[in-house]
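What follows is a short report on a single structure.
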C-alpha cells in the first residue's frame, strides 16, 4: 500500500493479487476536503495486470494523479 499527497489530495493506492494467474491489479482511493466536508473518489475495477505489486501501485498512482489534474 502506498500513500501520497498530490495537489492537496491524499491518494491511497493498493494492489490485489488475482489468485488464478498470480498477477496484480491496482486500486486507489482519493480523498480531500472541500468546504469543510470530506470528499472521495475511488479507482477500481481495472483490467490491467502486472507481475509485481509495485508496478500495479505505480500504475494506479499515475491514474489517480491524472484524475486529480482533470478535476481540480
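Residues of the stretch 2-32 being assigned to a loop (DSSP other than H, G, I, E, B) and at negative phi, which ones?
Matches in the stretch 2-32: 18, 19, 20, 21, 23.
Which residues, counting only those in the stretch 33-49, are surrounded by fewer than 17 Cβ atoms within 10 Å (Cβ to Cβ), assigned to a strand (DSSP E or B) and in contact (Cβ under 8 Å) with a residue 12 or more places away in the chain?
Result: 41, 42.
What pairs can you find where one residue is in the stretch 55-72 and touching a residue at least 24 places away in the same chain (Cβ under 8 Å), the other is assigned to a helix (DSSP H, G or I) and surrounded by 10 or more Cβ atoms within 10 Å (Cβ to Cβ), and their Cβ atoms are less than 9 Å apart, with a gap of 6+ or different chains?
Filtered contacts from the stretch 55-72: no entries.
Only the coordinates and a few stated rules stand behind these numbers; no lab work does. Owing to the predicted nature of the structure, the values given are computational and were not obtained by experimental measurement. So basically every Cβ, Gly included, is an ideal-geometry build from the backbone, and we count neighbours across all protein chains shown.
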